[in-house]
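In what follows, a structure is listed as structure tokens, so that the remarks can point back to it.
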Amino acid sequence: QVQLVESGGGVAQPGGSLRLSCVASGSIFGIARMGWYRQAPAKQRELVASITSGGTTNYAGSVKGRFTISSDNALNTVYLQMNSLKPEDTAVYYCNAARTFSTYWGQGTQVTVSS
């Protein structure tokens with residue numbers, strides 16, 4: 001089993017920044033990819049950004065150029081730096097870890113962008 005704990009959510013003004021962190025623990029051997037997803041009220045969960053064990057990153061078009069995903073310690077910890085935040089970025093953000101045959105989720109952290 002893999003446990004994922006997110007932190008760093010909160011309230012920001014439009015144009016502001018927040019940094020999310022996700023710490024993985026437990027049986028983390030073999031994790032190939034970690035990512036951040038988000039779910040806004042009445043909307044489906046969507047991929048925001050992901051990073052592989054080899055360092056390849058992928059971003060949703062709506063956040064490209066504004067958000068940056070990074071990791072250290074071989075995907076033990078993953079960060080999401082969110083700049084130039086917009087009200088439409090408001091959502092619960094979830095950390096995800098994936099191995100070949102299994103996937104794990106954190107409990108989520110709320111991000112609210114409002115003036």
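The set of residues from region 62-115 being under 12 Å from Ser21 (Cα atoms) and among the aromatic types (Phe, Trp, Tyr) comprises Tyr79, Tyr93, Tyr94.
Scanning region 9-32 for residues that are part of a loop (DSSP other than H, G, I, E, B), farther than 14 Å from Thr90 by Cα and either at pLDDT 95 or above or hydroxyl-bearing (Ser, Thr, Tyr) (or both) turns up just one, Ser27.
Taken over region 20-32, residues that are touching a residue at least 60 places away in the same chain (Cβ under 8 Å) and open to solvent by less than 40 Å² (accessible area, probe 1.4 Å) amount to 4. Contact map, region 68-95: first residue closer than 12 Å to Gln13 by Cα and without any contact (Cβ under 8 Å) to a residue 12 or more places away in the chain, second residue open to solvent by 40 Å² or more (accessible area, probe 1.4 Å) and of a type in the set (Lys, Arg), Cβ cut-off under 9 Å, separation 6 or more or different chains; the map is empty.
For region 78-88, the count of residues that are assigned to a loop (DSSP other than H, G, I, E, B) and over 24 Å from Ser115 (Cα atoms) is zero. Across region 1-19, the number of residues qualifying as open to solvent by less than 40 Å² (accessible area, probe 1.4 Å) and more than 15 Å from Asn76 (Cβ to Cβ) comes to 6. Checking Val63 against (1) outside any strand (DSSP E or B); (2) surrounded by fewer than 20 Cβ atoms within 10 Å (Cβ to Cβ), which single condition isn't satisfied? The number of the failed condition is (2).
Within region 33-60, being hydroxyl-bearing (Ser, Thr, Tyr), assigned to a strand (DSSP E or B) and either touching an Asp or Glu at 6+ places or on another chain (Cβ under 8 Å) or open to solvent by 30 Å² or more (accessible area, probe 1.4 Å) (or both) holds for Tyr37, Thr52, Thr57, Tyr59. Among the residues of region 89-115, those identified as open to solvent by 60 Å² or more (accessible area, probe 1.4 Å) and part of a strand (DSSP E or B) are Thr103, Trp105, Gln110.
The values are calculated or read from the model by the stated rules, or taken from the named source; none is laboratory data. On a predicted model such as this, the values are computed, not experimentally measured, just so you know. Note: ideal-geometry Cβ built from the backbone for every residue, glycine included; neighbour counts use all protein chains shown. Heavy atoms of the whole protein, side chains included, go into the accessibility calculation; ligands, DNA and RNA do not. Shrake-Rupley method; radii C 1.70, N 1.55, O 1.52, S 1.80 Å.
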